Amino acid sequence: MGSATGSAFDAGTLRRGIEGNTGNTLLSLYADDARIRIVDRVHQPSHPTELHGRVQIAELLDDIYRRDMTHKLEQCVVQGDHAAYSESCEYADGTRVLAESMLTLRDGKIADQLIIQVWDE
């Protein structure tokens, strides 16, 4: 049954969203009931941060895009109902962050995302 061509995931929109100045473009890529899990040094695999739905995801994106930092989409691979991408970020003070995301897609929107992130300390 795959998705129609018109509803394919748009990696160009992902790049514009990540590298933009607000989270609005990125938010448009998420399904209404999307889930994000975030694993890092503080939130370990057995207790990830979990966000459910676009309201919580919008709050996360607003927080991220209020910070004094740059974001760059390094690579993105889309295959059927899955996508993966690498993102590098840098704070004004030079602190760097790397994040790897695995996505499950539904009708061209992100339904589920696992983010593994690490930063300079």
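Modelled label positions at GLU59 and SER46, each set 7 Å beyond Cα in the direction of Cβ, lie 2.6 nm from each other. Here the chain is assigned +1 on the Cβ of each Lys and Arg and -1 on the Cβ of each Asp and Glu. Its dipole about the Cα centre then comes out at about 240 debye.
Ordered by 1.4 Å accessible area with all protein chains kept, ASP40, ASP33 run largest first as ASP33, ASP40.
Tally Lys/Arg at +1 and Asp/Glu at -1 over every other residue whose Cβ is under 13 Å from the Cβ of GLY108; what's the total? Could you put the intermediate results ahead of the total?
Working: positive: ARG106, LYS109; negative: ASP10, ASP81, ASP107.
Neighbour charge sum, excluding GLY108 itself: -1.
So what's the gap between the Cα centers of segment 30-47 and segment 52-121, to the nearest angstrom? Cα centroid of segment 30-47 versus Cα centroid of segment 52-121: 11 Å apart. With all protein chains in place and ligands, DNA and RNA left out, the 1.4 Å accessible area ranks LEU27, LEU14 as LEU27, LEU14, largest first.
If you take all other residues with their beta carbon under 10 Å from the beta carbon of LEU51, and give Lys and Arg +1 and Asp and Glu -1, the sum is +1. Residues HIS43, HIS82, HIS71, ordered by accessible area of protein heavy atoms at a 1.4 angstrom probe radius and largest first, appear as HIS82, HIS43, HIS71.
Enter the angle in degrees (range 0 to 90, nearest 10) between the Cα long axis of helix 53-66 and the first principal axis of the Cα atoms of the chain, meaning the one along which they spread out most. Helix 53-66 sits roughly 40 degrees off the main axis of the chain. Using a probe of 1.4 angstrom and keeping all protein chains present, the accessible surface of the chain works out to 61 square angstrom per residue.
Here segment 20-64 has 49 percent of its accessible surface on carbon and sulfur atoms, given a 1.4 Å probe and all protein chains in place.
For VAL42, the accessible surface of its heavy atoms amounts to roughly 100 Å² (probe 1.4 Å, protein chains only, rounded to the nearest 10).
Using a probe of 1.4 Å on the protein chains alone, the accessible area found for ILE110 is around 0 Å².
Kirkwood Rh over alpha-carbon pairs of the chain, then Stokes-Einstein at 10 °C and 1.306 mPa s: what D in µm² s⁻¹, rounded to an integer? Value of D from the Cα-based Kirkwood radius: 108 µm²/s.
The values are calculated or read from the model by the stated rules, or taken from the named source; none is laboratory data. No experiment lies behind these values; they were computed from the predicted model shown. Cβ: placed from backbone, ideal geometry, glycine included. Neighbour counts: every protein chain shown. These accessible areas exclude ligands, DNA and RNA; they are computed on the full protein's heavy atoms, side chains included. Shrake-Rupley method; radii C 1.70, N 1.55, O 1.52, S 1.80 Å.
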